[in-house]
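Engineer: Take a look at the following structure, please.
The values are calculated or read from the model by the stated rules, or taken from the named source; none is laboratory data. Because the structure is predicted, anything quoted here is derived from the model rather than measured. Glycine gets a Cβ as well: all are built from the backbone with ideal geometry, and neighbour counts include every protein chain shown.
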Amino acid sequence: MTAYTFAEKVLARAAGVSAARAGDVLDVQPDIIFSHDNSAAIRRIFLQTGAQRIARPGRVAITLDHAVPAPTTAHAQNHAEIRAWVREQGIGHFYEVGRGICHQVLSEEAVVLPGEVILGADSHSTHFGWLGAFGMGVGRTEMAALWATGVLWMQVPESMRITLNGRPRPGVTAKDIALHIIGRWGADGGQYRSVEFAGDTLAHFTLDERPVLPNMMAEFGAQNAYMPPDQTVFDALEARRTRDYTPIYPDADAIYAQDETIDAAALEPVIALPDAPDNVVPLREALGQPVQQAFLGTCTNGRYADLEAAARVLEGRRIAIRLIVIPASAEVYARAAASGVLTTLVAAGAAIGTPGCGPCMGNHMGIPAPNEATISSANRNFRGRMGTPDAPVYLANPYVVAASAITGCISDPQEFLS
Amino acid sequence: MSQHCVWVYGDHVNTDVIFPGKYTYTLKSPEEIASKALEDLDPAFTREARPGDVIVAGRNWGCGSSREQAVTALTGRGVPAIIAASFNGLYFRNCINQGLHPIVCPALVEHVRTGDEIELDTARGYIRAAGRVFPIPPLPPSVRAILDAGGLMPMLQVRFGGGR
Ligand code: SF4
C-alpha cells in the first residue's frame, strides 16, 4: 500500500509528516490563510484568545470584496477596522475595495501555488483546486486560531474521484458539468470529501473555466476539490509567483471511497431551479420561465471568458430586463474594457458594477424585489440568498444568463449564437 | 472511569434532527439550544436525558449542515461524549473544537440498548458494556489537548492568556 490520493499527499506535506491516510488527524500548517470583510469579526475572536500578534503575517491575505464600495456606515466602519488591523499586524497580502473577489484575486496574484494548502474563512475556498492546491473553508474561530498559531488540526478526508471524459458539446460549460454532478449525487454527495477530478475533458477547459468545478464543489459538501495542474496553469502563475513549488498528483492506484466516471460529451445544458443548487434539470425543461433580473458575475462565473460569452450572445442586441454585470476582479474589468467586451455589454443595456461579490449574497447592487426572479451565474440559490426571501434564483451558465436577459424569460442561447 | 446511561440511535442521523434548523436564528442561549436537543429524532431524549448520559450511534452521525449548535445542544445537556460507528467530518471537527469527545467505536452500537449502563474510561481508552470491553482509538496529542482544554477557544486562552 504505497499509493496515495491528492488529499493524503498534500496534507502530509503541509503537516511535515512522511505519509498520511484518510482519517488521520494532523497538525497542518497552511501555506496561506485568508479572510475578507469578515476579518473584523475574526479580529474580535482573535483578541478574546489573548494573542496579540498574528503568527505568520506574511502568509495572511485579506480582500475587501463582499460589500464594496461600502453600502452603509456600518460596512464602512467594518472596512476601516480591517485596514487599521492590516497596518498594525503587517499583513502580507491586502487587497482594497475594487480589486475583486478573494478567490479570483488570490488566484491572479499567484498568492497560492500548486501543491500548497490554503485555508479561507469562506465556504468557497474549494475554488483553489483549479491550480492543484488544497483549498478548504474554515469557521471564524478556526481562522482566529490560525492567525494566532499558524497551525490547525485537520482530519485527512476520504477522496472521491470523478473522471470526466470527452469534449463537451457547444453550449455545455464547466458550470453545466458542476451542476450536473451536484444534481446527480445531491448536495451532500461529496460530504467532507476531497473531490478529485481526472479525465481528458479537463484539457478542453479554458483557464477561466477551470475554477468553476472546484468552486461549486462547496455546494456538493466537499471539503476540498482538486484538478491536476498542467503547463497552462504553471504558465499562468509564472510571472507573479514569489515561491518555488512542487505540484502534487494522486497515484494512479490510490484508494478512493467512491470512483465515478461521467461522459461529458453526452451532457446537455442544465439549470438549477430555486431554492437549492442540487435542484437541477435540463435547461430545456425550464425554458420560458419569466425572470425580471439577470446577474452575471461572482467567483464562479465572473471571469473574462464569462463576460465574453455574454457579449457573444448580446452583440448587436438589446436586453428586455435589467442585466447586472460585476467583473470578478479589476483585471477582468480592464481586459473586458480593452477588448471591447464591456462596450458590447453596455450597448446592449447592461449595468456594470465595481469588481467584488456584488448582489451574490444579497449585500447590495442588485437585490431583487419580492417575487422577482433572477437568473444568475452564481453558485448558490438558497431562499433569501440575494437578500429577499420570496425572490427565486435560477443558476445557469453565462450564455443562458445573457440570452434570458434579451427575452425576459429563461432562454436557449443557441438561438442567438448563429 | 465513570458510569453512563446510553441513548442508542442508528445510521446517518443528521444535524437537522439533532438541532432543528428552524431554531438556528431564534434560539441563542445555551440553555434554550439544549432544550431542543434531538427534538425531531427522539422526544424522549429531549424530555428525559440527564447530565452524564451518553449517545451511542451508528454510521455518519451528524451529517448535514455545519451547524455548531448540533454539538452545543448536546454539551448543553451535559452529554460528556458521543460514541458512534463513524462521524460526519464537519461534525467531528465541531465536537473537538467545542470540547466534546467524539469516540469512534464501530462495534458498540450492536451491543447496547437505550437505557443500558456503560463504563467509560477515556484516560485508559476503553468502554465496558454488555460484559465486553471495547477499545477507544487514541486521539493525537494535539487533538487531545484541545479536548482537555474544553475546546479551541479555551485552549487558545490558556496559551495566550485571554478570557475572563
Ligand atoms: S462571489 Fe458570492 S460565492 Fe463568491 S465569495 Fe463572493 S459571496 Fe461568496
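Engineer: Report yes if some residue within region B:12-23 is aromatic (Phe, Trp, Tyr), surrounded by fewer than 20 Cβ atoms within 10 Å (Cβ to Cβ) and without any contact (Cβ under 8 Å) to a residue 12 or more places away in the chain; otherwise report no.
Structural biologist: no
Engineer: Go through the residues of region A:115-122 one by one and say whether even a single one is surrounded by fewer than 24 Cβ atoms within 10 Å (Cβ to Cβ) and either at pLDDT 95 or above or more than 14 Å from every other protein chain (Cβ to nearest Cβ) (or both).
Structural biologist: yes
Engineer: Among the residues of region A:345-391, write down those that are in contact (Cβ under 8 Å) with a residue 24 or more places away in the chain and of a type in the set (S, T, N, Q).
Structural biologist: A:THR354, A:ASN363, A:THR374, A:SER376, A:SER377, A:ASN379, A:ASN381, A:THR388 - these are the residues of region A:345-391 that are in contact (Cβ under 8 Å) with a residue 24 or more places away in the chain and of a type in the set (S, T, N, Q).
Engineer: Quick one: A:ALA265 ticks every box in (1) more than 25 Å from A:LEU213 (Cβ to Cβ); (2) of a type outside the set (S, T, N, Q); (3) surrounded by fewer than 19 Cβ atoms within 10 Å (Cβ to Cβ) bar one, so which box is it?
Structural biologist: Evaluating A:ALA265 over (1) more than 25 Å from A:LEU213 (Cβ to Cβ); (2) of a type outside the set (S, T, N, Q); (3) surrounded by fewer than 19 Cβ atoms within 10 Å (Cβ to Cβ) leaves (1) as the failure.
Engineer: Additional query: Output the residues belonging to region B:82-92 that are more than 7 Å from chain A (Cβ to nearest Cβ) and modelled with pLDDT under 85.
Structural biologist: Residues satisfying the conditions do not exist here.
Engineer: In addition: Among residues belonging to region A:269-301 that are in contact with a Cys (Cβ under 9 Å, 6 or more places away or on another chain) and part of a loop (DSSP other than H, G, I, E, B), point out the one that is nearest to the ligand (Cβ to nearest atom).
Structural biologist: Selected residue: A:GLY297.
Engineer: Please list, ordered by first then second residue, the pairs with beta carbon atoms under 9 Å, 6 or more apart or interchain, first in region B:137-164 and within 7 Å of chain A (Cβ to nearest Cβ) and closer than 12 Å to A:TRP153 by Cα, second among the acidic types (Asp, Glu) and in a loop (DSSP other than H, G, I, E, B).
Structural biologist: The qualifying pairs are B:PRO140/A:ASP24.
Engineer: Of the conditions (1) away from the ligand (no atom under 16 Å from the Cβ); (2) in contact with a helix residue (DSSP H, G or I) (Cβ under 8 Å, 6 or more places away or on another chain); (3) at pLDDT 95 or above; (4) part of a helix (DSSP H, G or I), A:GLU142 clears all except one; give me its number.
Structural biologist: A:GLU142 satisfies all of (1) away from the ligand (no atom under 16 Å from the Cβ); (2) in contact with a helix residue (DSSP H, G or I) (Cβ under 8 Å, 6 or more places away or on another chain); (3) at pLDDT 95 or above; (4) part of a helix (DSSP H, G or I) except (3).
Engineer: Please verify whether region A:244-251 includes one or more residues that are surrounded by 13 or more Cβ atoms within 10 Å (Cβ to Cβ), of a type outside the set (Phe, Trp, Tyr) and either in contact with a strand residue (DSSP E or B) (Cβ under 7 Å, 6 or more places away or on another chain) or in a helix (DSSP H, G or I) (or both).
Structural biologist: Yes.
Engineer: So, in region A:368-391, of the ones that are modelled with pLDDT of 95 or more and among the β-branched types (Val, Ile, Thr), which residue ends up farthest from A:LEU296 (Cα to Cα)?
Structural biologist: Among those residues, the one meeting the criterion is A:THR374.
Engineer: Would a scan of region A:60-81 turn up a residue that is out of contact with any strand residue (DSSP E or B) (no Cβ under 7 Å at 6 or more places or on another chain), of a type in the set (D, E, K, R), more than 14 Å from chain B (Cβ to nearest Cβ) and buried (at least 16 other Cβ atoms within 10 Å of the Cβ)?
Structural biologist: Within region A:60-81 (the criterion being out of contact with any strand residue (DSSP E or B) (no Cβ under 7 Å at 6 or more places or on another chain), of a type in the set (D, E, K, R), more than 14 Å from chain B (Cβ to nearest Cβ) and buried (at least 16 other Cβ atoms within 10 Å of the Cβ)), the answer is no, since none of the residues qualifies.
Engineer: Do we find a residue being surrounded by fewer than 16 Cβ atoms within 10 Å (Cβ to Cβ), within 14 Å of another protein chain (Cβ to nearest Cβ), more than 21 Å from A:ALA121 (Cβ to Cβ) and modelled with pLDDT of 95 or more anywhere in region A:30-47?
Structural biologist: No, there is no match, as no residue in region A:30-47 is surrounded by fewer than 16 Cβ atoms within 10 Å (Cβ to Cβ), within 14 Å of another protein chain (Cβ to nearest Cβ), more than 21 Å from A:ALA121 (Cβ to Cβ) and modelled with pLDDT of 95 or more.
Engineer: Is it the case, given these coordinates, that B:LEU38 is aliphatic (A, V, I, L, M), surrounded by 22 or more Cβ atoms within 10 Å (Cβ to Cβ), more than 14 Å from chain A (Cβ to nearest Cβ) and under 10 Å from the mean Cα position of the chain (by Cα)? Spell out how you get there, then give the answer.
Structural biologist: Values: aliphatic (A, V, I, L, M): yes; surrounded by 22 or more Cβ atoms within 10 Å (Cβ to Cβ): yes; more than 14 Å from chain A (Cβ to nearest Cβ): yes; under 10 Å from the mean Cα position of the chain (by Cα): no.
For B:LEU38, the condition - aliphatic (A, V, I, L, M), surrounded by 22 or more Cβ atoms within 10 Å (Cβ to Cβ), more than 14 Å from chain A (Cβ to nearest Cβ) and under 10 Å from the mean Cα position of the chain (by Cα) - is not met.
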